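The values are calculated or read from the model by the stated rules, or taken from the named source; none is laboratory data. Values in this document were obtained by computation on a predicted structure and should not be read as measured data. No Cβ is skipped: glycine too gets one built from the backbone with ideal geometry, and neighbour counts run over all protein chains shown.
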Amino acid sequence: MNWLQFSLITIALYSIHDITLKHLAGSVNSTLASVLINGSAAIVLLIYLLTQTSTGKISLGTPLWSPTSLFLLVAGASLGIATITFMNAFASDGQLSIAVPVVYAGVITLCLIVGVVFFKETIHWKQMIGAGLAIAGIYLMSASK
């Protein structure tokens, strides 16, 4: 599979995640929900890891307490906290049709900036226009009626 196919699957899975958060917001404690969501994700990932390592398709390769592991822990903590804050946004009358596009447009914009500044990635003028449209979209989507 190529990057676009993986991306389309990711879109579907994140959509299920976000719709579920909206559905449960306000009816379950957001911290408990985050624990259960991320705990179930950890179980799925452990099963996948065990099957891949037992068949020799991948090796662990990274020591448990390496600088790489620290970044992985930060990413995991960010995901857990983001789940809580997303549920709280929905529980605070955030609409699925507005909150999700605003969040993802913000992620797009921030990652574009980080990619250019810290990872020295080059971007085309069309991508800059896209980032500008994403920022405009955040404003338009979050502005009061």
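Here is a yes/no grid of residues against (1) of a type in the set (Gly, Ala, Ser); (2) within 22 Å of HIS17 (Cβ to Cβ):
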residue	(1), (2)
VAL44	no, yes
PRO67	no, no
SER92	yes, yes
GLY106	yes, yes
LEU110	no, yes
ILE129	no, no
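Taking TYR104 as the residue in question, decide whether it is surrounded by 12 or more Cβ atoms within 10 Å (Cβ to Cβ), of a type in the set (Ser, Thr, Tyr) and either more than 16 Å from the chain's Cα centre (by Cα) or at pLDDT 90 or above (or both).
Numbers: surrounded by 12 or more Cβ atoms within 10 Å (Cβ to Cβ): yes; of a type in the set (Ser, Thr, Tyr): yes; either more than 16 Å from the chain's Cα centre (by Cα) or at pLDDT 90 or above (or both): yes.
Criteria met by TYR104.
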Can you pull out every residue in the range 72-101 that is surrounded by 11 or more Cβ atoms within 10 Å (Cβ to Cβ) and not in a helix (DSSP H, G or I)?
GLY94, GLN95
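Looking at the range 57-71, can you tell me whether even one residue there is aromatic (Phe, Trp, Tyr), modelled with pLDDT under 90 and exposed (fewer than 12 other Cβ atoms within 10 Å of the Cβ)?
Of all residues in the range 57-71, those aromatic (Phe, Trp, Tyr) come to 65, 71.
Checking which are modelled with pLDDT under 90 leaves us with 65, 71.
Cutting the leftovers down to exposed (fewer than 12 other Cβ atoms within 10 Å of the Cβ) gives us 65, 71.
Taking every residue of the range 57-71 in turn, at least one turns out to be aromatic (Phe, Trp, Tyr), modelled with pLDDT under 90 and exposed (fewer than 12 other Cβ atoms within 10 Å of the Cβ).
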Per the list (1) hydroxyl-bearing (Ser, Thr, Tyr); (2) over 16 Å from the mean Cα position of the chain (by Cα); (3) surrounded by 12 or more Cβ atoms within 10 Å (Cβ to Cβ), residue check on THR109 breaks on (2)
Pairing a residue in the range 1-22 that is without any contact (Cβ under 8 Å) to a residue 12 or more places away in the chain with any residue that is assigned to a helix (DSSP H, G or I) and not hydrophobic (A, V, I, L, M, F, W, C), where Cβ atoms lie under 8 Å and the two sit 6 or more apart in sequence or on different chains, gives none
Which residue, of SER34, SER7, SER40, is within 30 Å of SER97 (Cα to Cα) and modelled with pLDDT of 95 or more?
SER40
